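Input: a single structure, listed below in structure tokens.
Where a number appears in this text, it was derived from the coordinates with a stated rule and is not lab data. These numbers come from a predicted model, not from an experiment. No Cβ is skipped: glycine too gets one built from the backbone with ideal geometry, and neighbour counts run over all protein chains shown.
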Amino acid sequence: METKIINEIAIVKSNEIIIKDVQSAIDFIMTIKYETKCNKIALNKGAVVEDFFILSTGLAGEILQKFINYQTKFAIYGDYSKYTSKPLKDFIYESNNGKDIFFVKNEEESIKMLSK
């Protein structure tokens, strides 16, 4: 796991899956907050378990609720073009129009959205 801080945002990149369930999400939030003192985090999409993007599992809602509970803005950056699920596309659209959770293409867009 590689972490850099840009504009008080922790940009995290990992080749391994970091977020695989609710507990791993909490551990991730607390670790990044402790190590960086940042309450805005961007993470590459490859570090999130694929089940997260299948809304019927309920995993996305449970995990993202933890980010809200711990007052942490969160962006997941990566390529979402392979997903055809209308509910997922709607979920991404609604999230991106909010102020706490974002699904974006790259690190630069993560920084832009988290800086709002």
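Suppose R0 equals 25 Å; then what is the FRET efficiency for Glu109 and Ser81 from their Cβ-Cβ distance, rounded to the nearest 0.05?
In this case the efficiency is close to 0.95.
Which value, to two decimals, describes the C-alpha radius of gyration of the chain once divided by 2.2 N^0.38 Å?
Working: Rg = 12.8 Å, N = 116, 2.2 N^0.38 = 13.4 Å.
Compactness ratio reported: 0.96.
Rank Asn44, Asn97, Asn69 by mean-square fluctuation in a GNM of the chain with C-alpha springs under 10 angstrom and give only the top-ranked residue.
Residue with maximal mean-square fluctuation among Asn44, Asn97, Asn69: Asn69.
Could you pull out which residues in the range 69-95 have an amide N less than 14 Å from a spot 7 Å beyond the Cα of Ile6, following the Cα-Cβ vector?
Residues 75-78 fall inside that zone.
Summing -39500 (n - 2.57) over the DSSP H runs of n ≥ 4 in the chain and dividing by its residue number, what mean residue ellipticity at 222 nm do you reach, to the nearest 500 deg cm²/dmol?
Using -39500 (n - 2.57) per qualifying helix, the result is -12000 deg cm²/dmol.
Hand me the GluC sites (Glu not before Pro) from the range 1-59 located in a DSSP loop with no more than 11 other Cβ atoms within 10 Å, in residue order please.
Glu16
Taking the Cα centre of each part, how many Å lie between the range 40-107 and the range 11-39?
Result: 14 Å between the Cα centres.
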